[in-house]
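To keep things clear, I will list the structure first and then write my remarks on it.
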Amino acid sequence: MTVRQNTRRWSREFIPHTEIRSASSSRERSQSRERPRQRYLENSTDLARMRSHRSAMLGSSRTLYSSMSRSIELSLDELDAVKFIQENFKKRECVTYTKDSKAQDSVCKCGYTKIQHIEGTQVNTSDKWIYKKHTKELPSDAYGNIQFDAFGRKGKYIRLSRDTAPETLYELMTKYWQLKTPNLIISVTGGSKNFSLKPRMRKIFSRLIYIAQTKGAWIFTGGTHYGLMKYIGEVVRDNSISRSSEEKVVAIGIAAWGMISNRDTLIRSSTTEGNYVAHYIMDEQKRDPLYCLDNNHTHLILVDNGTNGHPTTEADLRASLEKYISELNVPDSNYGGKIPIVCFAQGGGKETLRAINTAIKSKIPCVVVEGSGQTADVIASLVDAEGTSLASSAIKEKLVRYMPRTISRLAEDEMETWIRWIKEIMDNLHLLTVIKMEQAGDEFVTNAISFALYKAFSTNEQDKDNWNAQLKLLLEWNQLELASEEIFTNDRRWESADLEDAMFAALVKDRPKFVRLLLENGLNLRKFLTSEILTELFSLHFSTLVFRNLQIAKNSYNDTLLTFIWKMVLSYQRNRKEERNSCDDSEIQDLTPIIKHPVQVLFIWAILQNKRELSKVIWEQTRGCTLAALGASKLLKSLAKVKNDINAAGESEEIANEFEARANCSQSVTAMMRTWQRCCSSIPVKPGVRVTVLRWQSKQKTRNL
């Protein structure tokens, strides 16, 4: 990885705003809006019939039983979620009709016709229409589960006011939608218009989804079945099919309610109690300015400001949600107690530029893909020109070069706004990372995101001196070279205790090179390996299958070593207290010798779980003990015989052979050195040489004990 040499070519993370197509002038063709008053009138007849029918059957125990059954079927979680939503989430309705002189018929500036407004709507004679002034909040009427019948997929959704507090929305997502606290937010922004996705770009998106899955991240997009969001959804779908993982990708779409087609199917019936399943129809052939929701997103947040056909109304809420999450205090985070957010920008137009600008102002790093077109290429070209004058004329030249059609339609004041946004972005180059699309392989994308996160973290005023947090971040992303160059410098001295948290993480995550790096920079392994640390490793980070295989091998072979190792493992597992107590006293062996040597215990922990490279590093800390290598070889060969997994058994055999070879090599070296020492003892030598040989001999005796 050559990150340091290409610092300016890398980007940062966070805030995204998906590009959205501008509203068409033919708003009158958009669907008729759902209105509470109309729904009430339409349902009144049906309600009357239902009441009449119910009164006729009032005495029927069958009906009573059916009603009770429906109530019982509603889970407490669903009822709590419904109650929380009803108390905290609103929609917006226009209550002041303001005629749009540019539109046909009696269309309000909110985008709805006059008859689509709720009862009691006033008339505004002013030309201005302001959503906060001319709309009011009412209880949300669209939330629950969304079912894409044609595709057999479900997701959660909610309609909410643009002014919803981000902390309330986050509580809904984590507590009531039961999403795990994210370790990372990848906010993707780019064009919403349909375009042909290049194979290289699809590969980049595939890597993003893989990162999201392995890191426990949330993906934020615009949530519609068009342009960039559609392709992200497809990659999420393909990833879910191809990877047999319990950790499903969390893809959260944040879209404008007024830009969604067929949204009337999302509105709950007035008689609905508890959870609601909306059967959404994706009509991709429909010709109107609205968008279909994407069927591959797991959660959909539909932002309402009381308008119809007005794009980008979700941008502010999305930005505030991302900023709120980035500022949360999460004690278990590997990023200094924070949840990092990275903005990933591809192509795009005005809204993508605004998204990058908003992210940079929030100190959120952005990764920009050069070669993806439009806004991304403008930013990338200006980063390439770092050091040259960033005059407005130079920025305008880049805009005209990469976005000629868009720029030709801009008014002068709009052009000035674009140039100002770009200047604000370029003033924070340390938050920008640029990657070339044609060079972006899997590891390249991973390195770009990790480097972007690190640069944002290390340049933040609050965290720039938090070396432990920076080390944890680099360890999480396995950035060994960056840690060696940036963290373990000659002017910084580390105490062993300062590295212990990082060492534990390196062991659990199986990062052998990081383990070696920590050892080289002052960690005392024997002091670190307390009884509590070993107990946690064997209790919480030890495979149940490995323990079962060890137990089977112990019962299958009358082998002292297997029994000894099994008892040792059992002694460190606090969750198997009853099993320890039920053991026959004759089976219990004196574990004192091995417990006095915690490094050997750690070596066994690594060997039993086939951690090949890690076990080699730890074996070196036993000073290349021949007996440890021979014991590991014998242990692994015994376990290989009882493993049902052919691949795992084969790997155990390979590691066993490697340690057997190491033991033989160690014995050969020992024999050679002893022969050399005997030969030298008969030759007159200087005292210093003699002492060196004797010291080596003394060490070798100690090592073989």
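Things worth noting here:
- Single residue of Leu482, Leu499, Leu471 found to be of a type outside the set (Lys, Arg) and farther than 14 Å from Asn521 by Cβ: Leu482
- Boolean, Gly274 is modelled with pLDDT under 90, more than 19 Å from Gly191 (Cα to Cα) and either of a type in the set (Val, Ile, Thr) or part of a loop (DSSP other than H, G, I, E, B) (or both): yes
- Only one entry of Tyr402, Tyr454 meets the criterion of being free of Cβ contacts under 8 Å to residues at least 60 places away in the same chain, open to solvent by less than 30 Å² (accessible area, probe 1.4 Å) and not polar (S, T, N, Q), and that entry is Tyr454.
- Helices (runs of 4 or more DSSP H) fully within the range 538-613 that include at least 1 residues being of a type outside the set (D, E, K, R), within 29 Å of Ile646 (Cα to Cα) and at pLDDT 85 or above: 544-556, 560-572, 598-608.
- Residue count, the range 90-136 (criterion: among the charged types (D, E, K, R) and either within 14 Å of Arg162 (Cβ to Cβ) or not in a loop (DSSP other than H, G, I, E, B) (or both)): 9
- For Ser270, the test of being farther than 18 Å from Tyr143 by Cα and either of a type in the set (Phe, Trp, Tyr) or open to solvent by 10 Å² or more (accessible area, probe 1.4 Å) (or both) is failed.
- Restricting attention to the range 417-440, the residues being in a helix (DSSP H, G or I) and either open to solvent by 30 Å² or more (accessible area, probe 1.4 Å) or within 11 Å of Val368 (Cα to Cα) (or both) number 10.
- Residue match in the range 457-470 (condition: at pLDDT 95 or above, assigned to a helix (DSSP H, G or I) and of a type in the set (Gly, Ala, Ser)): no
- Some residue of the range 196-207 being outside any helix (DSSP H, G or I), open to solvent by 30 Å² or more (accessible area, probe 1.4 Å) and either in contact with a Ser or Thr (Cβ under 8 Å, 6 or more places away or on another chain) or within 20 Å of Ser372 (Cα to Cα) (or both): yes
- Filter result for Asn549 (over 18 Å from Leu614 (Cβ atoms) and either open to solvent by less than 60 Å² (accessible area, probe 1.4 Å) or of a type in the set (A, V, I, L, M) (or both)): yes
- Residue ID - surrounded by the fewest Cβ atoms within 10 Å (Cβ to Cβ), chosen from residues in the range 213-235 that are outside any strand (DSSP E or B) and among the aromatic types (Phe, Trp, Tyr): Tyr226
- Selection count, the range 110-166, where residues are without any contact (Cβ under 8 Å) to a residue 24 or more places away in the chain and within 20 Å of Ala315 (Cβ to Cβ): 2
The values are calculated or read from the model by the stated rules, or taken from the named source; none is laboratory data. Keep in mind that this is a model prediction, so the values were computed, not measured. Heads up, the Cβs are rebuilt from the backbone with ideal geometry, glycines too, and the neighbour counts pull from every protein chain shown. Remember, those area values only see protein heavy atoms, side chains included, never the ligands or the DNA or RNA. Shrake-Rupley method; radii C 1.70, N 1.55, O 1.52, S 1.80 Å.
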